1. Could you please find all residues in the range 193-211 being within 22 Å of residue 151 (Cβ to Cβ) and among the charged types (D, E, K, R)?
2. Does the range 142-155 include one or more residues that are surrounded by fewer than 13 Cβ atoms within 10 Å (Cβ to Cβ), within 30 Å of residue 112 (Cβ to Cβ) and assigned by TED's automatic domain parsing to the domain that holds residue 116?
3. Among residues belonging to the range 54-79 that are assigned to a helix (DSSP H, G or I) and among the small types (Gly, Ala, Ser), point out the one that is modelled with the highest pLDDT.
4. Filter the range 163-182 down to the residues that are modelled with pLDDT of 80 or more and surrounded by fewer than 22 Cβ atoms within 10 Å (Cβ to Cβ) and list them by number.
5. Can you name the number of the only condition in (1) hydrophobic (A, V, I, L, M, F, W, C); (2) at pLDDT 90 or above; (3) within 22 Å of residue 156 (Cβ to Cβ) that residue 113 fails?
6. Hey, residue 223 hits all of (1) farther than 17 Å from residue 150 by Cβ; (2) in contact with a Leu (Cβ under 8 Å, 6 or more places away or on another chain) but one; which does it fall short on?
7. Can you confirm whether residue 101 is surrounded by fewer than 15 Cβ atoms within 10 Å (Cβ to Cβ), in a loop (DSSP other than H, G, I, E, B) and at pLDDT 90 or above?
8. In the range 162-169, is there at least one residue being under 25 Å from residue 244 (Cβ atoms) and within 11 Å of the chain's Cα centre (by Cα)?
Amino acid sequence: MIPGAVRDTGHSMEVLVARGSASGVRNRDNADMLYSRLMLPDGPGPLELHVANAPAASPERADAARNRRLLLAAAKSLIDSQGASAVTMEAVARAAGVGKGTVFRRFGNRTGLMLALLDHSESDLQQAFLSGPEPLGPGAPPLDRLIAYGRARLKMTVDHLDILLEAGADQPDHLSHPVWAMSTLHVRMLLAELGIDGRLEVTAHAVQAPLMALTVRHLLDVVGMTCEEIADDWEAMVRRFVNGS
């Protein structure tokens with residue numbers, strides 16, 4: 001099983017799992033067919049990936065959904081004004097005007113809160129490359145899709161850089177997280193469509209390495225590059241690799 005798309009269902013995230021392998025996929029139709037299975041009502045069933053220490057998923061009441069939106073808005077406001085380090089369970093509760101226990105019951109712990117902030121943007125990106133318009137979505141040539149995906153992934157990384165780093169994007173097990181596994185599957189399939197032979201796991205990770213939070217932070221803060229410069233250099237690297245020059 002290959003971990004797939006993640007969507008937040010309130011208390012937990014659901015991971016859609018596609019049965020099958022990206023190896024041997026050599027054309028756009030086959031790749032898009034596998035992607036489309038993730039979106040079908042009768043496709044592979046969801047697994048639950050519980051946020052650490054969060055309670056089991058249950059139908060979300062209207063007031064619970066409203067409180068959740070309030071807490072996430074408060075957390076996002078703290079990040080925008082003071083940075084991710086300012087987001088504590090106590091600070092979010094104070095900003096939202098609720099008790100600290102409400103925040104813990106809602107998200108389990110600080111990591112759960114940070115991951116919930118990421119979920120909406122991640123869901124939008126996954127929806128776009130699975131079934132959205134070209135060039136990010138199905139139908140465009142694979143190189144165009146790969147370039148569009150890399151640029152979209154980089155933008156999301158930059159937009160949520162502090163959250164990604166605070167949520168543990170620099171930890172070794174980050175590469176095994178279903179979100180990153182889905183990203184790797186997508187890149188592997190596009191590389192296969194481009195006719196890149198051999199085992200593509202290493203190549204897919206190499207292509208994505210400049211888009212990871214720690215690398216982006218280094219390029220922005222230490223090297224002094226802009227987001228546009230990173231995107232342009234990444235695209236040039238991918239084109240050179242694909243074209244064999």
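1. Within the range 193-211, 193 is the sole residue that qualifies.
2. Initially, the range 142-155 is screened for residues surrounded by fewer than 13 Cβ atoms within 10 Å (Cβ to Cβ), giving none.
The answer is no, given that none of the residues of the range 142-155 is surrounded by fewer than 13 Cβ atoms within 10 Å (Cβ to Cβ), within 30 Å of residue 112 (Cβ to Cβ) and assigned by TED's automatic domain parsing to the domain that holds residue 116.
3. Applying the first criterion (assigned to a helix (DSSP H, G or I)) to the range 54-79 yields 62-79.
Filter again for among the small types (Gly, Ala, Ser), leaving 62, 64-65, 73-75, 77.
Working: 62: 78, 64: 79, 65: 81, 73: 88, 74: 91, 75: 87, 77: 87.
For the range 54-79, the residue satisfying everything is 74.
4. Across the range 163-182, the qualifying residues are 165, 180, 181.
5. (2)
6. Single failed check for residue 223: (2).
7. Numbers: surrounded by fewer than 15 Cβ atoms within 10 Å (Cβ to Cβ): yes; in a loop (DSSP other than H, G, I, E, B): no; at pLDDT 90 or above: yes.
So residue 101 fails the test.
8. At the first step, the residues of the range 162-169 found to be under 25 Å from residue 244 (Cβ atoms) are none.
No, every residue in the range 162-169 fails to be under 25 Å from residue 244 (Cβ atoms) and within 11 Å of the chain's Cα centre (by Cα).
The values are calculated or read from the model by the stated rules, or taken from the named source; none is laboratory data. As the structure is a computational prediction, the values presented were derived from the model and not from experiment. Using ideal geometry, Cβ is built from the backbone for each residue, glycine included, and neighbour counts are taken over all protein chains shown.
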